[in-house]
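Structure first, commentary second.
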């Protein structure tokens, strides 16, 4: 009997103390202390009282459980009520038309975006990529690509030479034979990288610019795959409603050779790349048997793609690092 | 190659409109650069690829038109009378010393000429084709060259002294050409001389001494095919290109010289009263015929489209190839006779190109490759992209600058220009030296932007160039990653670099003060991993910044990309703390220029496994003494740290710090 009286008294006493403490609590931290003191899972007072229940005489047990729960609910409500005004500060009303703060982020150069996009499109067709030397041997830039000394297709006037043997590569096609020498078919690879031409800088020419060469060699490749792949690429890059067309052209290192044009509303047909079946002589130079394997290759200028895609009129804006230009991308 | 439509129509019927014709020519591989209306006529300008010397002629283009539309090509009849028409004592006296220089030619003497202006129709056609009209004789040679693609030269017979000799030039010989310029020749140019002097820079331009003038009565008409390489070399060495050299430097039809001679004579006779005063001598004529075997299966395998044998033969014969079908063990084969003007056709693949372009590539099915995928090179991480993305996330803007720069810029950065790789044939000063560091372009970019922006950070990824030749015979040209922080401070810039390295999962890097002043200032350090340097980091000296018009504190780093890639480790997860972390702050006075690295190493050693995190909160100077406030976090993965253990750890840290000269501030005060 005595214990039961104590328990009831305890509950009343607990409630009285808790209410007093709650009324005095001014801060969130103080409220948290009260919460832990009464509701803490291991040492909370209500938890302790609940633990005592099994020790009570049978006839009293049921009533006590309900009383404890009522007290728990009451205190919880009071705690929450009192916590609200403390935890949520009232903000003064905001002019929603006020601009947000500008956040200064770094940025990707548009050429990188274009090159990455080209890589991604061809990656889905099983192409990997690798870059190579920009100061290159004449042999890889010209001779092994079926352009011996004094070949009319090598324009000496437009080539920067370091000496008789070394030059600044005029195209990333220079990687074709280098790659063939180290890899056996099947080959599917892109060669993105910087190239050089001895040109006066103007809105469409720069002495150094970028090119992406693609090369595929296997025992089943054919011209219709090349045309289909380039069309797939152009549509992926510019949009699926794009119109493309190809026509015969001539490059010493591919045969048959073609060029591809895309139709750009307002501008008409614009050439975006050259391509062709790898010349059997080039395969031979790359130590690949042209009787067993065939391949195709293409070369495109990401600079030109960037100009078209973003409506830039001057290639020099890609390389003069003006933040007012670069921050737009 | 400029072609007036009216002239073209003389050889082939054209019903199509201008635009349609231009498109049909383009789509079959004859690229139209421009189409211009001129009075009643239309002038096409074609880009002729170097393999198609036959298309450097009106007849050549007409042949393409005839092939596309399957129409008849009608070329002017040559002069049928090829025997001399008048008795004459005048003799051709040409000795070709090296037959390979001029393996094929026709030559003859035409007498009783009256030099005058050309008739309107002729001079107009020439002018429309971009050639200036001079006199009837010279115009006829140019007219026939434009028409047939075969250049020729008329010498004034009476101005030639003695025997004509065709030979290779010796270096230093000189000839005054038709334009009045005296040209010093390289060795190996083809020249013709008489007994007194050089009279022709063969293949490039005639000599002034035997020039046709208004009194010329007799000409020696020489229609040669020169060695293309010799002409090309001479043209390059002299920086001289002419309508003739543009043709001679390509492989010309070895059989066209005879026809061209007769054609020229057939015009000189009515237009200038000329009479053949010698027989026409033709050397190396007629040319050998040659055949190429074309297996039909190779056509469909290469092109990926099946073209009926009838159509294959039709396309080829429209292009003037002879065709004969044969059945061989390996399948049907076409024996193709190659016309002499197609000097570019040797292999079956050359014929497949002809079939493809005339059949029309736009009629091909658009298929995707079906061959096996390479298995060795796929699905690797794009390291360069990763590097760029981390720097961008750290607030840096990517730039692409020029790899070629000027002597001035190289010297402004304190480089000895002799150490830098340089192009031998610069076009302008701004593009002469290959950058020895990425800072070249980055500093120039900073200079450009300082006018519009106060504070910014840039980076570039690319190659730098050295003069050292590597094993592969190439100058070393490693890829680097470099950055600049304009209007920044030491800790922000270094923080960016450290975060960059950590995000690449590169650990164990240290910074070591450079003993010598770096290229960009004395506040610079090597970035080391172990004992290997992967690059440099530092502050740019104001004397250098001044040259680039920058006045705020600026920091830089340049790291070797390959070294970075080699040092990055696989990401592994480390267990986050299971038990509460104890945080406290430690305030220290540092004595005797004690570097912070010693402090951090000491704390790491003392706390051992219990150190979760250490950060520098403040670094100040109090009465001449350096004072740092360090935040420390202790933990244990086994249990909750109790007060006793924390006190023990702290005690050891402080004892060890005192030994190296770091005094806790509080204990100093007490």
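Observations
- Which listed residue, of B:351, B:368, B:373, is within 13 Å of another protein chain (Cβ to nearest Cβ), over 24 Å from residue A:136 (Cβ atoms) and not in a loop (DSSP other than H, G, I, E, B): B:351
- Residue-level analysis places residue A:209 outside the set of residues that are in the same structural domain as residue A:312 (by TED's automatic domain parsing), touching a residue at least 60 places away in the same chain (Cβ under 8 Å) and in a helix (DSSP H, G or I).
- Restricted to helices (runs of 4 or more DSSP H) entirely inside segment A:229-329, those with at least 3 residues that are more than 8 Å from chain B (Cβ to nearest Cβ) are A:280-285, A:302-310.
- Check on residue B:352, surrounded by 14 or more Cβ atoms within 10 Å (Cβ to Cβ), modelled with pLDDT of 90 or more and assigned by TED's automatic domain parsing to the domain that holds residue B:476: no
- Residues that are assigned to a loop (DSSP other than H, G, I, E, B) and more than 14 Å from chain A (Cβ to nearest Cβ) within segment B:476-507 comprise B:489, B:504, B:505, B:506, B:507, listed in sequence order.
- The requirement of being within 11 Å of another protein chain (Cβ to nearest Cβ) and not in a loop (DSSP other than H, G, I, E, B) is fulfilled nowhere in segment A:83-91; no residue meets it.
- The lone criterion from (1) within 10 Å of another protein chain (Cβ to nearest Cβ); (2) touching a residue at least 12 places away in the same chain (Cβ under 8 Å); (3) more than 27 Å from residue A:325 (Cα to Cα) left unmet by residue B:473 is number (2).
- Filtered residues of segment B:365-381 (kept if in contact with a strand residue (DSSP E or B) (Cβ under 8 Å, 6 or more places away or on another chain) and surrounded by 15 or more Cβ atoms within 10 Å (Cβ to Cβ)): B:369, B:371, B:374, B:377
- All of A:157, A:176 fail the test of being more than 7 Å from chain B (Cβ to nearest Cβ), surrounded by fewer than 17 Cβ atoms within 10 Å (Cβ to Cβ) and either within 35 Å of the chain's Cα centre (by Cα) or in contact (Cβ under 8 Å) with a residue 12 or more places away in the chain (or both), apart from A:157.
- Being in contact with a helix residue (DSSP H, G or I) (Cβ under 9 Å, 6 or more places away or on another chain) and either facing another protein chain (nearest Cβ under 9 Å) or buried (at least 21 other Cβ atoms within 10 Å of the Cβ) (or both) is a property that residue B:417 lacks.
- Filtered residue count, segment B:53-85, keeping only those that are in contact with a strand residue (DSSP E or B) (Cβ under 8 Å, 6 or more places away or on another chain) and modelled with pLDDT of 95 or more: 3
- Cβ-Cβ contacts under 7 Å between residues 6 or more apart (or on different chains), taken from a first residue in segment B:232-244 that is under 14 Å from residue B:200 (Cβ atoms) and at the interface with another protein chain (Cβ under 9 Å from one of its Cβ atoms) to a second residue that is modelled with pLDDT of 90 or more and assigned to a helix (DSSP H, G or I), are absent.
- Condition met for residue B:291 (more than 8 Å from every other protein chain (Cβ to nearest Cβ) and within 37 Å of the chain's Cα centre (by Cα)): yes
- Test: residue in segment A:222-244 that is assigned by TED's automatic domain parsing to the domain that holds residue A:145, in contact with a strand residue (DSSP E or B) (Cβ under 9 Å, 6 or more places away or on another chain) and free of Cβ contacts under 8 Å to residues at least 12 places away in the same chain: yes
- Of the strands (runs of 3 or more DSSP E) lying entirely inside segment B:114-205, those containing at least 3 residues that are closer than 20 Å to residue B:92 by Cβ span B:153-156, B:164-168, B:190-193, B:198-201.
- Filter pass, residue B:265 being in contact with a strand residue (DSSP E or B) (Cβ under 8 Å, 6 or more places away or on another chain), more than 30 Å from residue A:256 (Cα to Cα), in a helix (DSSP H, G or I) and assigned by TED's automatic domain parsing to the domain that holds residue B:196: yes
- Condition met for residue B:391 (more than 12 Å from residue B:433 (Cβ to Cβ), surrounded by fewer than 16 Cβ atoms within 10 Å (Cβ to Cβ) and within 7 Å of chain A (Cβ to nearest Cβ)): no
- Filtered residues of segment A:130-154 (kept if assigned to a helix (DSSP H, G or I), at the interface with chain B (Cβ under 10 Å from one of its Cβ atoms) and surrounded by fewer than 18 Cβ atoms within 10 Å (Cβ to Cβ)): A:139
- When the test is whether a residue is free of Cβ contacts under 8 Å to residues at least 60 places away in the same chain, surrounded by 23 or more Cβ atoms within 10 Å (Cβ to Cβ) and not assigned by TED's automatic domain parsing to the domain that holds residue B:52, residue B:249 passes it.
- If you check A:42, A:72 for being outside any helix (DSSP H, G or I), in the same structural domain as residue A:29 (by TED's automatic domain parsing) and either modelled with pLDDT of 80 or more or surrounded by fewer than 14 Cβ atoms within 10 Å (Cβ to Cβ) (or both), only one passes: A:42.
- From B:168, B:118, B:88, residue being at pLDDT 95 or above, surrounded by 14 or more Cβ atoms within 10 Å (Cβ to Cβ) and over 41 Å from the mean Cα position of the chain (by Cα): B:118
- Selection of strands (runs of 3 or more DSSP E) fully inside segment B:549-666 by the criterion of at least 2 residues being free of Cβ contacts under 8 Å to residues at least 12 places away in the same chain and closer than 28 Å to residue B:512 by Cα returns B:611-622.
- Meets criteria (in contact with a helix residue (DSSP H, G or I) (Cβ under 9 Å, 6 or more places away or on another chain), more than 9 Å from chain B (Cβ to nearest Cβ) and closer than 20 Å to residue B:479 by Cα) for residue A:113: yes
- A single member of B:515, B:466, B:510 is touching a strand residue (DSSP E or B) at 6+ places or on another chain (Cβ under 7 Å) and part of a loop (DSSP other than H, G, I, E, B), and it is B:466.
- Against the list (1) within 14 Å of chain A (Cβ to nearest Cβ); (2) closer than 29 Å to residue A:255 by Cβ; (3) out of contact with any helix residue (DSSP H, G or I) (no Cβ under 6 Å at 6 or more places or on another chain), the condition residue B:30 fails is (3).
- Among the numbered conditions (1) without any contact (Cβ under 8 Å) to a residue 60 or more places away in the chain; (2) more than 7 Å from chain A (Cβ to nearest Cβ), the only one that residue B:456 does not meet is (2).
The values are calculated or read from the model by the stated rules, or taken from the named source; none is laboratory data. Quantities reported herein were computed from a predicted structural model and do not represent experimental measurements. Using ideal geometry, Cβ is built from the backbone for each residue, glycine included, and neighbour counts are taken over all protein chains shown.
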